[in-house]
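Visitor: This is the structure, below, for whatever I ask next.
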Amino acid sequence: MPTLLRIRSATHAGYDRITFDFVGALPGYEVRYVDKVVEDGSGRTVTMPGRRYVQIRFEPAQAHSDSGDTAVTPRRMPLGYPMLRGYVINGDFEAVLSVALGLDDVVAFRVGEIPGTPGRIYVDVAA
């Protein structure tokens with residue numbers, strides 16, 4: 001099962017990037033804008049920085065060890081980048097890992113993969 005090892009972020013000229021490092025094969029993923037961020041399972045609204053939200057769903061994937069220990073900390077991080085305002089892991093259950101991004105506005109984004117060890121999936125948002 002692909003396991004999220006760490007989340008890294010940075011700002012660059014013209015875009016902000018968030019990168020997800022995975023141990024094992026890269027999972028499948030879906031990236032889309034949502035009106036609000038909710039916790040998977042409970043449906044409770046998640047408060048986070050930003051005025052617009054992008055939901056990322058990785059499957060199959062997890063952010064915990066097989067014994068249940070958290071593999072990634074922090075699970076929530078405010079960021080002060082021009083467009084990317086923060087992220088939160090809002091779901092990690094039954095091989096579905098959800099991460100929400102808080103953005104300052106609706107902007108174009110691109111998603112890419114970098115194979116290797118660890119494998120990486122990145123999301124760039126226009127800044």
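Visitor: Which residue pairs have Cβ atoms under 6 Å apart, sit 6 or more places apart or on different chains, and have a first residue in the stretch 32-45 that is under 30 Å from residue 110 (Cβ atoms) and in a strand (DSSP E or B) and a second that is among the charged types (D, E, K, R) and at pLDDT 95 or above?
Guide: Listed by first residue and then by second, the contacts come to 45/36.
Visitor: Now for a different question. Among the residues in the stretch 44-54, are any under 20 Å from residue 118 (Cβ atoms) and either surrounded by fewer than 17 Cβ atoms within 10 Å (Cβ to Cβ) or modelled with pLDDT under 95 (or both)?
Guide: No, the stretch 44-54 contains no residue that is under 20 Å from residue 118 (Cβ atoms) and either surrounded by fewer than 17 Cβ atoms within 10 Å (Cβ to Cβ) or modelled with pLDDT under 95 (or both).
Visitor: Moving on to the next point. Which of (1) modelled with pLDDT under 95; (2) surrounded by 15 or more Cβ atoms within 10 Å (Cβ to Cβ) does residue 18 not meet, given it meets every other one?
Guide: (1)
Visitor: Something else: Might you check whether a residue that is part of a loop (DSSP other than H, G, I, E, B) and under 20 Å from residue 108 (Cβ atoms) occurs anywhere in the stretch 51-61?
Guide: Yes; the residues of the stretch 51-61 include at least one that is part of a loop (DSSP other than H, G, I, E, B) and under 20 Å from residue 108 (Cβ atoms).
Visitor: Also: Quick test of your reading of the structure: residue 80 fulfils all but one of (1) at pLDDT below 95; (2) touching a Pro at 6+ places or on another chain (Cβ under 6 Å); (3) within 18 Å of residue 125 (Cα to Cα); (4) not β-branched (Val, Ile, Thr). Name the failing condition by number.
Guide: (2)
Visitor: A further question follows. Do we find that residue 72 is in contact (Cβ under 8 Å) with a residue 60 or more places away in the chain, buried (at least 17 other Cβ atoms within 10 Å of the Cβ) and part of a loop (DSSP other than H, G, I, E, B) in this structure?
Guide: yes
The values are calculated or read from the model by the stated rules, or taken from the named source; none is laboratory data. Just so we're clear, the structure is a prediction, and the values are computed from it rather than from any experiment. Here Cβ is always computed from backbone atoms with ideal geometry, including for glycine, and neighbour counts include all displayed protein chains.
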